[in-house]
Amino acid sequence: MFQDMTSAHQRKKQPEVIRAQLLRAAAELVVQGGTQAVTLDAVAAQAGVTKGGLQHHFRSKQLLLDALFEEMNQRFIESFHAYIEAEPEAQGKEARAYLRAMVGNPSDAHENSVLRALTSSMMVDPELRERWSCSWQEDLKSQPEKTDPAHINAIICRLACDGLWFADLIEDKGMSPEVRAAVIRRLEELTRE
């Protein structure tokens with residue numbers, strides 16, 4: 001009992017640790033059974049916290065799923081910005097950063113499983129799809145519409161990156177690693193044209 005009290009006391013002092021633990025538990029449940037498997041009771045049990053403890057961080061399932069989507073989105077944004085910072089050449093640097101963040105380093109197997117489950121849920125749930133697409137649309141609105149070849153090349157690169165990312169996500173074996181690498185090299189060249 002003394003150990004349980006110590007553990008509960010330590011959790012109160014580390015809200016970010018508990019929040020991360022809850023998100024990991026939700027991610028595991030999403031991988032096992034999709035977003036429909038995520039209930040407050042199931043997440044609390046998986047994380048080893050009370051339902052009240054979970055609701056201190058996330059008042060509803062939707063807020064929990066939103067946080068899980070946001071966490072995945074934030075990882076991408078941080079990676080994207082790191083690639084922009086590291087890119088010395090101005091012409092097409094955002095497109096190259098997008099390419100590298102999306103497909104340059106395939107995510108680990110667990111993260112891909114979470115992304116696969118979230119993406120599957122998004123495809124059949126219009127509300128989730130709307131929530132997820134809004135974050136990307138805001139970024140795109142900030143860029144002026146142009147029809148010059150460099151801008152069109154950047155759009156082609158972005159759409160091809162999305163396709164490569166999706167192929168990686170569904171573990172498409174239709175392309176050898178050599179061909180995949182050649183496609184990525186060609187997309188990088190396209191960003192410089």
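The values are calculated or read from the model by the stated rules, or taken from the named source; none is laboratory data. All figures in this text were calculated on a predicted structure; none of them were measured in a lab. When we count neighbours, we look across all protein chains shown, and the Cβ atoms used for this are built from the backbone with ideal geometry, even at glycine.
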All-but-one check, THR147 against (1) surrounded by 15 or more Cβ atoms within 10 Å (Cβ to Cβ); (2) modelled with pLDDT of 75 or more, failing number (1)
Considering GLU89, GLU94, GLU71, which residue is within 26 Å of GLN14 (Cα to Cα) and assigned by TED's automatic domain parsing to the domain that holds LEU190?
-> GLU71
Only one of (1) within 20 Å of ASP162 (Cβ to Cβ); (2) part of a loop (DSSP other than H, G, I, E, B) is not met by PRO88, so which one is it?
-> (1)
Considering segment 118-144, residues that are modelled with pLDDT of 65 or more and of a type in the set (Lys, Arg), and then whichever is farthest from PHE69 (Cα to Cα), we arrive at ARG129
